[in-house]
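Step one of this worksheet: look at the structure below.
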Amino acid sequence: MIMNGQSTAIEFQGAGFRLPDGRALLTELNLSIARGETLVLLGRSGSGKTTTLKLINRLLDPTEGGVLVDGKPTTEWDAIRLRRRIGYVIQEVGLFPHFTIEENVAVVPRLEGWDDERIHNRVRELLDLVGLDPARFAARYPRELSGGQRQRVGVARALAADPPIMLLDEPFGALDPITRREIQEEFRSLQRRLGKTMAFVTHDVAEAFLLASRIALLKDGRVVLLGRPADFLASRDPEVVAFVSCLRGADEVAAAP
Amino acid sequence: MNLWQFLAAHRAEVAQLSLEHLFLVAVSTGIAILIGVPLGIALTRRPALSKPILGFANIMQTVPSLALFGFLIPLNIYLFHVRIIGGIGARTAIAALALYALLPIIRNTFTGINGVDPAIREAGRGLGMTDRQLLLQVEVPLALGVIVAGIRVATVIAVGTATIAAAIDAGGLGRYIFRGLRMNDNTLILAGAVPAALLALAADFLLGAVEHSFGRGGRRLNRRHAVAALVAVAAAVVTIAVFTFHSGASRRIAIGSKDFTEQVILGEIIAQTIESRTGLPVERRFDLGGNLAHDALVAGEIDSYVEYTGTALTAILKLPPLSDAREVYRRVKAEYAARFHVEWLEPLGFNNTFAILIRGQDAKKLGLKTISGIAKYAPRWRTGFGQDFISRPDGYEGFVRAYGLKFAAVREMDLSLTYRALADGQVDVIAGNSTDGLIGRLGLVQLDDDRRYFPPYDAVPVAREDTLKRYPELRAALAALGGTISVEEMRRMNFAVDGEKRAPRDVAEEFLRQKKLAAGG
């Protein structure tokens, strides 16, 4: 758990976020994410997971404390430069419906002013990486794809400019269970190959166990437990137990005659 | 003549008026797009402004067009030495139409952009798009279908509203409609209304197709194409606008008229007299609606037209009605000189007063000759009065009080429709004009104003003082017309145009020849 500054990609220092009406969405958050690590933010709806992600890429600025990316507070980063170093995948995917798949994946490289050939090659490489045949899919529009295929495009788009950090906000939450299982497995191998720093939001405890280096469990805007999956299984905290029992419940149903 | 025969016989004129109509619509809608779309976008960035600005656009839509014209004509707003608002003609019509077209365009741009899926917007921001990039690459393209729908609504409204442009000499198909209403000629009304409706349908269909192509999912904007299209629209609007707004700079004597037959004939008589006696070039700016001829005269848009003493006294000067003709003339002459620097010249000789009219057979059957005679029939009679008569201080209210009348029903309708309504038996008494050619044509009888209620409406040319000073020969030419036109002569000329469908220009020419008023005649 002890890390030096060099290997820390993201650090929350007593970070909090309050709405203008005074309601606190996140309180006194202290945690760091090491380079190449996948931290899963787990918790119920409204526990502060998405707020935590948005503090990293400055879609929100903390109202208390600070968030450091590569050792520099986010508020000192130019928001646009910061976001282009951070891949961002959301549950609704948010593909641009008037762009083809190729154009969607090429958004950030084009904003960064890459030349056409480099963009073209990169798009092909990425579509292969996420398991979509470029010859079949590059010229299609998002509405012609299934939910799982769209989410793959969303991941490819986030990876396009090879950002060192990836933020994923329940990326597989809207998929059917079988597709979700497949894409989770593929994502895990992708994760190992790419070695990116990732912050991954989910409320699915099985997904958390599958993908996490460490898990931070949030409740009402505070961290209840921060640890490895093994620490999780050992905890007696009622919120942890509630989540872990979901995992056990699924196993028991599977084991039942 | 039925509609098709008329349209076939006047192909060139119909095409010309349709082109004028399209021009008004295209330029005004173009201006509304250039203002409305950026404004709509700005509102999405500053939502606090959306209420006041949409509220303003909303109010603009409810302002009656004649009121809006009356407000715009005296304005003098210049942009790079080109007068862009003010005066009569296409310029002011375009400004008014553009104001009417703003609301749907601003509103649809605003709602279209606000309607973009928030997840798409968040994804764009999360990917590191600047606000500008998000707007131009994502929000505007996705809102384009809705924006085009707004432009479509604005265009169709503009095609309809542009018919009113004829009221300020701005041309378009409204000319036929106004002329038709004035002459009680349904064919002429349809000759304006049907092509206008077809234009509206065509515009709706074409823009509907464009809207559909941008429809669901939007279309990617090619940046270069978008910029090129925008520049092309702006350049076209500006060049056409400069071209029209700049024309007519050369100095001519501009003669105006109100928007009814007698006025157009009198306008022609004045114009032809000036042409033949002074040789000055004359510009005809006829058919100005409401009191717009007065506004145009004061604003220097026209130099002269024929006004009626009673109208000037009550409707323009807002003074209480007087019954002595000489006193009224003296009063308006003094007031106009002081307030408007406008001079009243020699009266033409006839009095166009309100004429209380009934059907000939009623007059004969009931032996009616005077207005006081109808008091006992009034409770069973329905009336049809023009807006003018209803609202004027020397009109309806004082009239029924003076004669102690109570009617079964009072219907307010366009003056030109009341004659037909009376002849068809839909109403039993109307207030027409004593010089109206239809009085004879429809066999109507004018009742004598035996209690001297109606003030005099002597027809008199009025002219700007500065024009008279600059062209002294003008005064002499107009003075020659003094006392030359009797009520009967005016009624006959009106009938020649309204009843016999002759051109006002020819009728005026014939009158001047017969009276030996034409030069060399």
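For segment B:155-211 and segment B:409-459, what is the separation of their C-alpha centers, rounded to whole Å?
29
Considering only A:135, A:199, A:106, give the residue with the highest GNM mean-square fluctuation for chain A, with springs between Cα atoms whenever their separation is below 10 Å.
Of A:135, A:199, A:106, the Gaussian network model singles out A:135 as fluctuating most.
Hey, can you grab everything whose amide H is under 5 Å from the amide H of residue A:34? Only 5+ residues off in sequence or another chain; H modelled, so Pro and N-termini drop out.
A:9
As a footprinting exposure proxy, order B:207, A:190, A:218 by other Cβ within 10 Å, with the fewest listed first.
Going from least to most buried by this count: A:190, B:207, A:218.
Return the average number of partner chain Cβ atoms within 10 angstrom of each residue Cβ along peptide B:117-125.
6
State the Kirkwood hydrodynamic radius of the protein assembly as shown in Å, one decimal place, computed from all pairs of distinct Cα atoms.
Averaging 1/r across every pair of different Cα atoms and inverting gives 32.5 Å.
Using amide H atoms built in the peptide plane, which far-off residues or other-chain residues are under 5 Å from residue B:411 H to H?
B:383, B:384, B:385
Per-residue mean of other chain beta-carbon atoms within 10 angstrom of the beta-carbon, peptide B:126-138? Walk me through the numbers on the way to the answer.
Details: counts 15, 18, 17, 6, 4, 1, 0, 4, 0, 0, 0, 7, 6.
Averaged over the peptide's residues, the number is 6.
Convex hull over the alpha-carbon atoms of segment B:110-176: what's its volume per residue in Å³?
Here the figure is 94 Å³ per residue.
Excluding the sites themselves, what is the longest stretch of chain A that contains no trypsin sites (Lys or Arg not before Pro) in a DSSP loop with at most 10 other C-beta atoms within 10 Å?
The longest uninterrupted stretch comes out as A:24-235.
Whole Å is fine, so just give me how far the alpha carbon centre of segment B:333-408 lies from that of segment B:462-515.
25
For chain B, what's the relative contact order in percent, using C-alpha pairs closer than 8 Å and at least 6 residues apart?
Relative contact order for chain B comes out at 15 percent.
Only counting other Cβ atoms within 10 Å, I'd like B:317, B:99, A:41, B:134 sorted with the fewest neighbours first.
B:317, B:134, B:99, A:41
If you split all Cα-Cα distances of segment B:57-144 into 5 Å bins from zero, what percentages do you get per bin, shortest first?
The percentages, shortest bin first, are 3, 13, 17, 14, 10, 9, 10, 11, 8, 5, 1.
Determine the percent antiparallel among the DSSP beta bridges restricted to chain B, to the nearest 5.
The antiparallel proportion sits near 60 percent.
Between residue A:120 and residue B:236, what's the calculated FRET efficiency when r is the beta-carbon distance and R0 is 35 Å? Round to 0.05.
Between residue A:120 and residue B:236 the formula returns 0.40.
Take every Cα pair under 8 Å in segment B:3-246 that's 6+ residues apart, average their separations, divide by the length, and report that relative contact order as a whole percent.
In percent, rounded to a whole number, it is 27.
Between residue A:182 and residue B:198, what is the label-point separation in nm under the 7 Å Cα-to-beta-carbon projection?
A separation of 5.9 nm, rounded to one decimal place.
Okay, helix-only estimate at 222 nm for chain A: each DSSP H run of n ≥ 4 adds -39500 (n - 2.57), divide by all residues, round to 500 deg cm²/dmol; what do you get?
Details: 11 runs with 104 residues, N = 257.
Computed ellipticity for chain A at 222 nm equals -11500 deg cm²/dmol.
Please work out the Cα convex hull volume for chain B and give it in Å³ per residue.
178
Give me the inter-chain shielding for A:154-164: mean count of other chain Cβ atoms within 10 Å, whole number please.
Mean inter-chain Cβ contacts per residue within 10 Å come to 1.
Percent relative contact order of segment B:354-446, based on C-alpha pairs within less than 8 angstrom and at least six residues apart? Walk me through the intermediate numbers first.
Working: 143 pairs, mean separation 41.2, N = 93.
So the answer I get is 44 percent.
Please report the antiparallel percentage of the DSSP beta bridges confined to segment A:106-225, to the nearest 5.
Percentage antiparallel, nearest 5: 40.
For segment A:101-164, what value does the Rg/Rh ratio take when both radii are computed over Cα atoms and Rh is the Kirkwood radius, given to two decimals?
On the way: Rg = 10.7 Å, Rh = 11.5 Å.
Reported Rg/Rh (Cα atoms, Kirkwood Rh): 0.93.
Would you mind getting me the FRET efficiency between residue B:334 and residue B:13? Use the beta-carbon distance for r and R0 = 51 Å, nearest 0.05.
Approximately 0.70, to the nearest 0.05.
Would you please state which residues of segment B:155-173 a label at residue B:414 would reach in this model, taking the label point 7 Å out along Cα→Cβ and a backbone N cut-off of under 19 Å?
Answer for this model: B:157-173.
Is the C-alpha gyration tensor of segment B:354-446 telling us rounded, prolate or oblate? Criteria: a/c under 1.5 is rounded; beyond that, a/b larger than b/c is prolate, otherwise oblate.
rounded
So how do B:436, A:70 line up by other beta-carbon neighbours within 10 Å, fewest first?
A:70, B:436
How big is the C-alpha Rg of segment B:3-246 next to the rule-of-thumb value 2.2 N^0.38 Å, as a ratio? Could the numbers behind the result be given before it?
Working: Rg = 19.7 Å, N = 244, 2.2 N^0.38 = 17.8 Å.
This ratio for segment B:3-246 stands at 1.11.
Under a point spin-label approximation (7 Å from Cα along Cα-to-Cβ), what is the residue B:131-residue B:486 distance to one decimal in nm?
7.8
Throughout, read-outs are computed from the coordinates displayed, never taken from laboratory work. Remember, predicted model here, so these are calculated numbers, not experimental data. Note: ideal-geometry Cβ built from the backbone for every residue, glycine included; neighbour counts use all protein chains shown.
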